[in-house]
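A short worksheet on the structure shown next.
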Amino acid sequence: MGGRYDPNPFDEDEEVNPFSQGGKAKPSGQPNVAGGAFYNTNRGSVPPASNSRLSPLPPEPADFYNPTATVDIPLDSGKDLKKKERELKAKETELRKREEALKRKEEAAQRAGIVVDKKNWPPFLPIIHHDIGNEIPIHLQRVCYTAFATLLGLTLCLTWNIVAVTTAWIKGGDATIWFLAIIYFISGVPGAYVLWYRPLYRAFRTESAMNFGWFFLFYSIHILFVVFAAIAPPVVFKGKSLAGILPAVDLIGGHVLVGIFYFVGFGLFCLESLLSVWVLQQVYTYFRSSGKATQMRQEAARGAMNAAF
């Protein structure tokens with residue numbers, strides 16, 4: 001035939017590299033581009049090359065390839081979980097029953113008039129219950145505060161008495177007076193709170209005539225003690241176990257420092273005596289004006305009759 005035919009592309013005479021950029025296989029008039037047989041004529045669809053890299057994998061644990069490494073496998077089965085759940089429910093039921101029982105006891109105590117006092121004083125180490133502002137009537141708060149001040153004053157007097165007696169002992173006194181001063185403090189402060197301040201607090205709080213009676217009895221003893229301590233007559237170990245006026249005069253000549261300490265103790269005991277007498281007078285005035293004296297006599301007579309029969 002007279003027509004022109006294309007050469008055989010598979011002819012071995014011409015080795016044409018389809019990926020090369022030159023050679024006979026490149027027809028004339030075509031742009032010099034790479035790609036060969038895989039050349040895409042639609043250049044707009046080719047995405048641009050990206051220079052981004054894949055993020056590296058996290059490092060493997062140190063013992064990843066250790067065949068002897070231990071593996072924590074949870075051993076709790078469904079039965080164990082159900083057992084624990086039943087135990088928790090049983091504990092919750094028991095706690096609820098205890099709470100209900102405690103609530104019933106508190107309600108019964110309130111109905112019976114029993115007051116459960118929570119310790120709240122002193123704030124840094126609560127050892128007693130004390131709340132005058134919320135539990136004592138307003139017209140009695142001044143007297144109650146003053147009575148509490150006499151309790152603190154007695155604590156101060158007996159503490160200073162220990163200091164004064166200790167100096168006297170160091171300066172050549174007898175060790176017995178120091179032990180007596182310690183006994184005065186140990187028995188005096190708790191005894192004052194239990195025997196006369198707490199009855200007065202409860203008397204103001206509940207208007208109990210019997211508590212007033214206990215207060216008058218032991219507060220009178222308290223006043224006698226502080227007056228005796230202020231004088232400190234030489235009847236017990238020559239009076240040196242109490243920082244009063246007589247031992248102060250006796251010691252000021254030989255030991256000035258010890259004498260000064262005893263004079264300070266004498267002043268504290270005098271102030272305590274005067275303040276205590278004022279408290280007793282105020283409480284007795286309220287006791288007579290409120291009719292508690294008649295009530296106390298009636299209660300005493302009723303108690304005597306019950307004891308007789």
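Once all protein chains are placed together, residue 92 keeps about 100 Å² accessible to a 1.4 angstrom probe. Per residue, the stretch 118-210 exposes 52 Å² of accessible surface when a 1.4 Å probe is rolled over the protein heavy atoms with every protein chain present. Excluding same-chain neighbours fewer than eight residues apart, the lysines reachable from residue 171 by a Cα-Cα span under 19 Å are 238, 240. Taking the accessible area of the stretch 83-226, probe 1.4 Å, and keeping the other protein chains in place, the carbon and sulfur fraction comes to 64%. So for the stretch 82-206, taking the charge dipole from beta-carbon charges (+1 Lys/Arg, -1 Asp/Glu), which of 151, 203, 165 sits furthest toward the positive end? Positive-most Cα among the choices belongs to 203. Computing FRET efficiency as 1/(1 + (r/R0)^6) for residue 107 and residue 231, where r is the C-beta to C-beta distance and R0 is 51 Å, gives about 0.40.
Could you tell me which chymotrypsin sites (Phe, Trp or Tyr not before Pro) in the stretch 152-221 are loop residues by DSSP with no more than 11 other beta carbons within 10 angstrom of their beta carbon?
Numbers: sites: 160, 169, 178, 179, 184, 185, 193, 196, 197, 201, 204, 212, 214, 215, 216, 218, 219; in loops: none.
The qualifying sites: there are none.
Over 30 Å apart at the Cα level, from the set 97/119; 84/119; 91/118, are 84/119. Rounded, prolate or oblate, given the Cα gyration tensor of the stretch 158-236, with a/c below 1.5 counting as rounded? Judged from the Cα gyration tensor, the stretch 158-236 comes out prolate (a/c at least 1.5, a/b above b/c).
Computed over protein heavy atoms with a 1.4 angstrom probe, the accessible surface ordering of 139, 222, largest first, is 139, 222.
The convex hull around the C-alpha trace of the stretch 122-205, projected and averaged over every direction, spans 6.3 square nanometres.
The values are calculated or read from the model by the stated rules, or taken from the named source; none is laboratory data. Note that the coordinates shown come from a computational prediction; the quantities given were computed from them, not determined experimentally. Cβ coordinates were reconstructed from backbone atoms using ideal geometry, including for glycine residues, and neighbour counts include every protein chain displayed. The accessibility values were calculated without ligands, DNA or RNA, using every heavy atom of the protein model including side chains. Shrake-Rupley method; radii C 1.70, N 1.55, O 1.52, S 1.80 Å.
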